[in-house]
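The values are calculated or read from the model by the stated rules, or taken from the named source; none is laboratory data. Just so it is clear, the model here is predicted, and its values are computed rather than measured. Cβ sites come from the backbone with ideal geometry, for glycine too, and all protein chains shown count toward neighbours. Quick note on the areas: whole protein, heavy atoms, side chains included, nothing else; ligands and nucleic acids left out. Shrake-Rupley method; radii C 1.70, N 1.55, O 1.52, S 1.80 Å.
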Amino acid sequence: MPRFVPTAEITLGPFFPARYVDAGANDLTRCDGRAARGERIEIHGRAAQEGGAPMDNLVLEIWQADSQGIFRDPRDPRHGDADPGFAGWGRAATGKDGRYRFTTIKPGAYAMMPDDRLRAPHVNVIVLFSGIMRHLQTVLFFAGEAQNEADPVLTAVQPTALRSRLVAQREGDAYRFDITLRGDGETPFFDD
């Protein structure tokens, strides 16, 4: 009978080169030479690991509806009416201080199919980092939105005290959304 010797665990990629994120990929407000319609905002924050140490070269990808609540995706039945000046998707990497920044427009609310429940304005966020075995997915909601109270994704987060970790806070024309990967204050992540 063959004897199997256990092997050590290894960290799989992705391993991101320093230039993995193209210049301008964090600006969703221009597409094909056109400017996006809607309220222009900045989303910024800090990504940290357990204990608060900054995450350098962590990659964030966001995708969202335009200001009318329409996604630039054929799976959205209204995609033909999507804002042609709005990219709908962007990518940013953190610096040594763990900070990131996106320029985008505030997304509109939209009705979910098939039951027409209203989704609050939100931004979908994917987190990628060397050593994480799969991407992490979360959702950013905006402070002060009346639809937050009934959003089916936000209200699914339990215990309810964790919901505030998904709500970006307004700072002038910007919204701050910090991400913590583990430990105290960990950001809620969702199964894909």
Residue 173 being open to solvent by 20 Å² or more (accessible area, probe 1.4 Å), under 22 Å from residue 92 (Cα atoms) and acidic (Asp, Glu): yes
Count of segment 70-87 residues which are open to solvent by 10 Å² or more (accessible area, probe 1.4 Å) and either modelled with pLDDT of 95 or more or of a type outside the set (D, E, K, R) (or both): 10
Residue 140 open to solvent by less than 20 Å² (accessible area, probe 1.4 Å) and either at pLDDT below 95 or under 14 Å from the mean Cα position of the chain (by Cα) (or both): yes
Test result for residue 65, modelled with pLDDT of 95 or more, part of a loop (DSSP other than H, G, I, E, B), in contact with a Phe, Trp or Tyr (Cβ under 7 Å, 6 or more places away or on another chain) and buried (at least 21 other Cβ atoms within 10 Å of the Cβ): yes
